[in-house]
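Below: the structure, in structure tokens.
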Amino acid sequence: MKLISTLFVLYSVVSLCLGLRAPGNQPNIIFILADDLGFGDVELYWNNSTHGRISTPNINKLALEGTRWENTYTGDTVCAPSRCTLMTGLDSGHSAIRGNNPIPLGPNDLSFTTLLKKAGYYTGLIGKWGLGDTNTTGAPNKHGLDYFFGYTSQLLAHDYYPTSLWENMDLYPIPENEKGPVIYSHDLFTNFSLNFIQQNYKKPFFLEIAYTIPHAGSPNSTDETGCPVPSQGIYANQTSWPTVEREAVVSTQSTGNVTNKEFCS
């Protein structure tokens, strides 16, 4: 029962939204997904780190003003099948994607975003998709998403200063990163998410913000020894901490930045 509890919560919300078809009755849904964020990495949960608690004020505020589920699990142990389970509602014994191999969603795989579209929702996903590139049957816009911005590739999603991303079916170039790290992808994801909300808040919408952070590593790092961030912020002076830990703390805090806006409350 624990394994399906997260999905039960999400799909209960979706089922409620499908039943509320009258204008003005459908709630907007913002689903924030953080890759490899540990339960104890968030300040309001117990944290046994030798460095003490990580300050996550925006996430704290979101939790304290809402409902907390403290006994939930993802659909799988690794990325692609857990995202497939989330999208389709199928456990990994029945879903098409059961590992991190480059296998896309099929044309007959029904996603909950497709159901939300049928109920009148404008749907979007910003961040990491990981369920099929744009030239496959698993392209995000083929599975109920009106808008997509981010990574389609599992591997490239761990390069936080990419030279390009995808906006729907079109390549979104980032020439500033061709000669070095300038534009941090997750700052783009936060800004694009805020724009999405501002443009669509007066109508029913669903938005998944799928951050890759605080997952470590990049395509050029086989041992996953870093989580590059624009600045180590208030943790730059914690010289007793390894660099990778300072970077991971900052990226953990960043996952809550999108909630630090008045119209998101």
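Any read-out appearing in this document is the output of simple, stated calculations on the displayed coordinates, not a laboratory observation. Note that the coordinates shown come from a computational prediction; the quantities given were computed from them, not determined experimentally. Using ideal geometry, Cβ is built from the backbone for each residue, glycine included, and neighbour counts are taken over all protein chains shown.
A few notes on this one:
- For the stretch 145-224, convex hull volume per residue from C-alpha positions, Å³: 98 Å³
- Stretch gain in nm, segment H94-I183, where the contour uses 0.36 nm per residue and the Cα spacing is subtracted: 28.1 nm
- With the charge dipole of the stretch 52-100 set up from +1 on Lys and Arg Cβ and -1 on Asp and Glu Cβ about the Cα centre, the Cα lying farthest toward the positive end among the listed residues T77, T56, G93 is that of T56.
- Quarter of Cα convex hull surface for the stretch 85-125, i.e. mean projection, nm²: 3.4 nm²
- Computed on the Cα trace of the stretch 82-239, the radius of gyration divided by the Kirkwood hydrodynamic radius gives Rg/Rh = 0.99.
- In the stretch 91-156, Cα pairs under 8 Å separated by at least six residues give a relative contact order of 34 percent.
- Separation of the alpha carbons by more than 27 angstrom is noted, of K61/K128; K142/K203; K118/K202; K61/K179; K61/K117, for K61/K179; K61/K117.
- Residues with amide H under 5 Å from that of Y122, placed H, sequence gap 5 or more: F205, F206
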